[in-house]
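What follows is a short report on a single structure.
The values are calculated or read from the model by the stated rules, or taken from the named source; none is laboratory data. Everything quoted here is computed from the prediction, not taken from an experiment. In this analysis, Cβ positions are derived from the backbone assuming ideal geometry, glycine residues included, and neighbour counts consider all displayed protein chains.
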Amino acid sequence: MKSKTIFKAIDIVLLLAAFGVAIAVDLVMPVGLPATVLKKGAVFAVVAVSMNLLNGFTGLFSLGQAGFMLLGAYTYAIFSIPLEARASVYYMQDHVAGFLNVVELPVVVAMIAAGAVAAIFAFLIGLPVLRLKSDYLAIATLGFAEIVGAFAKWEMLGPITNAPNPLVNYPKFSKVTTYFVAAGICIAIIALLVRSTYGRAFKAIRDDEIAAEAMGINLAKHKMISFVTSSFFAGVGGAMLAMFQSKAQANSFNTALTYEILLIVVIGGIGSLSGSVIASFLYIACSEWWLRFLDTPDVIPGLTRNGFRLVVFSAVIMVIVLFFRRGLMGDKEFSTERLVKGSKQFVKDIQDRKARKAKEVN
Amino acid sequence: MSNILEIRNLSVSYGGIEAIKNISFDVEEGKIVTLIGSNGAGKSSTLRSIAGIVKAKHGEVLFEGENILGMSPDHIVKRGVTLVPEGRHVFPNLTVLENLKIGAYLRKDNITADLENVYTLFPRLKERSWQLAGTLSGGEQQMLAVGRALMARPKLIMMDEPSLGLAPIVVQGIFDIIRQINEQGITVLLIEQNANMALKVADSAFVMQTGEITLSGTGAELLENEEVKEAYLGKKK
């Protein structure tokens, strides 16, 4: 019992240490790769966790994440660009939709609006598509994401979305800490949902729909709650990604983005929120920072060149997927207790094996 | 005693195939009633349409006098009808305790007493309450499926082939439990292919054949019936 409390305390200290790192980076090195990685990692963590809520906990294989992120990013950008800057952002300056000349939302309100718009679309799309299962649901949601992207680029919507041109000049978070706090709040809310009785019902649906229905769980309602919540946070994540990229443009919210997030969820472990968070930072750190040296031609002359890191990165991912099929965390959550016990078991296994070998030799 | 459940002219079809053709039968309150019949006779479809999982073509299902046909499964569970589905269907990645809590999902009141009741009926589940349900043996999973249904505090529990794929000694245990549950005042509607065992515990029984009810009587009567003996009990005339 006592050691359990100590382990819990260490977990909390580690969590605080993560925020400590964010503050430290803000103070020491506000511009540079570490700051970039931490910001982007925090954004991806939010979206990966939201996707895991749907794919990992409710068993709904959806690939619409980029579409909901786009809705969030555009909503945030459209409503938070300062009124005086709007004329310079929109390419058809005399055609900007009327309401945009009067509405300007503060950052936090615009972020919540971003989530809300994504959630509303999720509700409308969910009515027909949540009747579908597995791959069919994936295809339908993927199609939805493509349609959203096409609409955002449509000339007719230019007065609102600026057509294919980027939306810029909206307020952005400048500090790593701000990204961490926003991401932390989102992830904490999802974690609370997963631990509630709703979370248990989601897992029941994932495990066995027939039994869940027989136990009186309303399938349509619970799937919808999960889908709408997941999309809400994908929308908020989209707004944060727009801040990180300093421009919101439909082209960057493409299918590849959905796959990147899916990859993070798989690497972290389907059904593990902490796994998704850890994998987000590792993934972003590898793709943006740790492997970057491979892009310089003189590491291995003739082989390494611009873009080579992506080749190595893909190989690394294949190895992970082949040898850690259940991801880093499986469906367990991170805790120091499990880490310590796991490593003790690991050391013991190795010693046992050595002892057995020694015996065989004798 | 009054009838807790009355089925009137119930028909269910899948596409063009009629699985149940206009059946009517009553389940008396506080009794064990069994439906026997071979594969594809429409037994499971009957239970599933009562539970609201399968949509019926027409007919009436009166539970305590109220027509529950066409209601969604959660409303039917709320009224006190639960189904133990065929093939157990426990939630493999949830613990035994979590499985039991899901059974009480629609209840807002205190479930401690019911948990104790289930643990008394199935001491094995108490020992394994922290184990993942997927790691239990077949018999234990069946116990869990029954226990989970009891957590909803049903008035009528419907069991779909609880003895399927279990060792004879385990089957005996399951039937003992069915009796005990019934003694607690819960009406049991049981589907079985193991006609011998089912008829022995049943107060009344119905034989289903290709979507129709062909015979009915008390359990003891049907055990002695020549047709039943030949078709379902494997005894020559």
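When you scan region A:320-344, how many residues do you find that are surrounded by 10 or more Cβ atoms within 10 Å (Cβ to Cβ) and either over 27 Å from the mean Cα position of the chain (by Cα) or outside any loop (DSSP other than H, G, I, E, B) (or both)?
11
Which of the residues that make up region B:136-166 are basic (Lys, Arg), within 12 Å of another protein chain (Cβ to nearest Cβ) and within 18 Å of residue B:47 (Cβ to Cβ)?
Going residue by residue through region B:136-166, those that are basic (Lys, Arg) are B:148, B:153, B:155.
Still in the running and within 12 Å of another protein chain (Cβ to nearest Cβ): B:148, B:153.
Across region B:136-166, the qualifying residue is only B:148.
How many of the residues making up region A:327-352 are among the acidic types (Asp, Glu) and in contact (Cβ under 8 Å) with a residue 40 or more places away in the chain?
First, the residues of region A:327-352 that are among the acidic types (Asp, Glu): A:331, A:333, A:337, A:349, A:352.
Next, from what is left, pick out any that are in contact (Cβ under 8 Å) with a residue 40 or more places away in the chain: A:331, A:333, A:337.
Residues meeting the conditions: 3.
Going through region A:291-317 one residue at a time, which ones are assigned to a helix (DSSP H, G or I) and of a type in the set (Val, Ile, Thr)? Full working, then the answer.
Taking region A:291-317 as the starting set, the residues that turn out to be assigned to a helix (DSSP H, G or I) are A:292-295, A:308-317.
Result: A:311, A:312, A:316, A:317.
Across region B:109-135, what is the total count of residues that are free of Cβ contacts under 8 Å to residues at least 24 places away in the same chain and not hydroxyl-bearing (Ser, Thr, Tyr)?
8
How about region A:138-236: which helices (runs of 4 or more DSSP H) wholly inside it have at least 3 residues that are within 14 Å of chain B (Cβ to nearest Cβ)?
Working: elements: A:158-161, A:176-195, A:197-207, A:209-214.
In region A:138-236, the matching helices (runs of 4 or more DSSP H) lie at A:197-207, A:209-214.
Test each condition in (1) facing chain A (nearest Cβ under 8 Å); (2) touching a strand residue (DSSP E or B) at 6+ places or on another chain (Cβ under 7 Å); (3) under 20 Å from residue B:15 (Cα atoms) for residue B:82 and report the one that comes out false.
The one condition residue B:82 does not meet is (3).
Of all the residues that make up region B:91-101, how many are of a type in the set (A, V, I, L, M, F, W, C) and more than 7 Å from chain A (Cβ to nearest Cβ)?
Going residue by residue through region B:91-101, those that are of a type in the set (A, V, I, L, M, F, W, C) are B:91, B:94, B:96-97, B:100.
Among the residues that remain, those that are also more than 7 Å from chain A (Cβ to nearest Cβ) are: B:96-97, B:100.
Qualifying residue count for the region: 3.
A quick yes/no check of all residues on (1) of a type in the set (Gly, Ala, Ser); (2) in contact with a Ser or Thr (Cβ under 6 Å, 6 or more places away or on another chain); (3) surrounded by fewer than 22 Cβ atoms within 10 Å (Cβ to Cβ):
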| position | (1), (2), (3) |
| --- | --- |
| B:40 | yes, no, yes |
| B:48 | no, no, no |
| B:53 | no, no, yes |
| B:71 | no, no, yes |
| B:74 | no, no, yes |
| B:77 | no, no, no |
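Suppose we filter A:252, A:274, A:231 for residues that are without any contact (Cβ under 8 Å) to a residue 12 or more places away in the chain and either more than 30 Å from residue B:85 (Cβ to Cβ) or within 11 Å of the chain's Cα centre (by Cα) (or both); which single one remains? It would help to see each step written out before you state the result.
Details: A:274 fails: without any contact (Cβ under 8 Å) to a residue 12 or more places away in the chain; A:231 fails: without any contact (Cβ under 8 Å) to a residue 12 or more places away in the chain.
When all the criteria are applied, what remains is A:252.
Which numbered condition trips up residue A:254, out of (1) of a type outside the set (Val, Ile, Thr); (2) modelled with pLDDT under 85; (3) touching an Asp or Glu at 6+ places or on another chain (Cβ under 9 Å)?
All conditions pass for residue A:254, except number (2).
Condition first: more than 17 Å from the chain's Cα centre (by Cα), modelled with pLDDT of 90 or more and within 11 Å of chain A (Cβ to nearest Cβ). Can you find one or more residues in region B:107-126 that meet it?
Checking region B:107-126: not a single residue is more than 17 Å from the chain's Cα centre (by Cα), modelled with pLDDT of 90 or more and within 11 Å of chain A (Cβ to nearest Cβ).
From the list B:24, B:11, pick out the single residue that is part of a strand (DSSP E or B), in contact with a His (Cβ under 7 Å, 6 or more places away or on another chain) and in contact (Cβ under 8 Å) with a residue 40 or more places away in the chain. Let's see the steps before the verdict.
Numbers: B:24 fails: in contact with a His (Cβ under 7 Å, 6 or more places away or on another chain).
Exactly one of B:24, B:11 is part of a strand (DSSP E or B), in contact with a His (Cβ under 7 Å, 6 or more places away or on another chain) and in contact (Cβ under 8 Å) with a residue 40 or more places away in the chain, namely B:11.
Can you pull out the residues in region B:160-169 that are surrounded by 18 or more Cβ atoms within 10 Å (Cβ to Cβ) and touching a helix residue (DSSP H, G or I) at 6+ places or on another chain (Cβ under 7 Å)?
If we filter region B:160-169 for residues that are surrounded by 18 or more Cβ atoms within 10 Å (Cβ to Cβ), which is where we start, we get B:160-163, B:166.
Listed by number, the residues that qualify are B:160, B:162, B:163, B:166.
Take the residues of region A:56-74 that are in a helix (DSSP H, G or I) and of a type in the set (Phe, Trp, Tyr): which is farthest from residue A:143 (Cα to Cα)?
Going residue by residue through region A:56-74, those that are in a helix (DSSP H, G or I) are A:56-57, A:65-74.
Checking which are of a type in the set (Phe, Trp, Tyr) leaves us with A:57, A:68, A:74.
On the way: A:57: 23, A:68: 12, A:74: 19 Å.
Checking each candidate, the answer is A:57.
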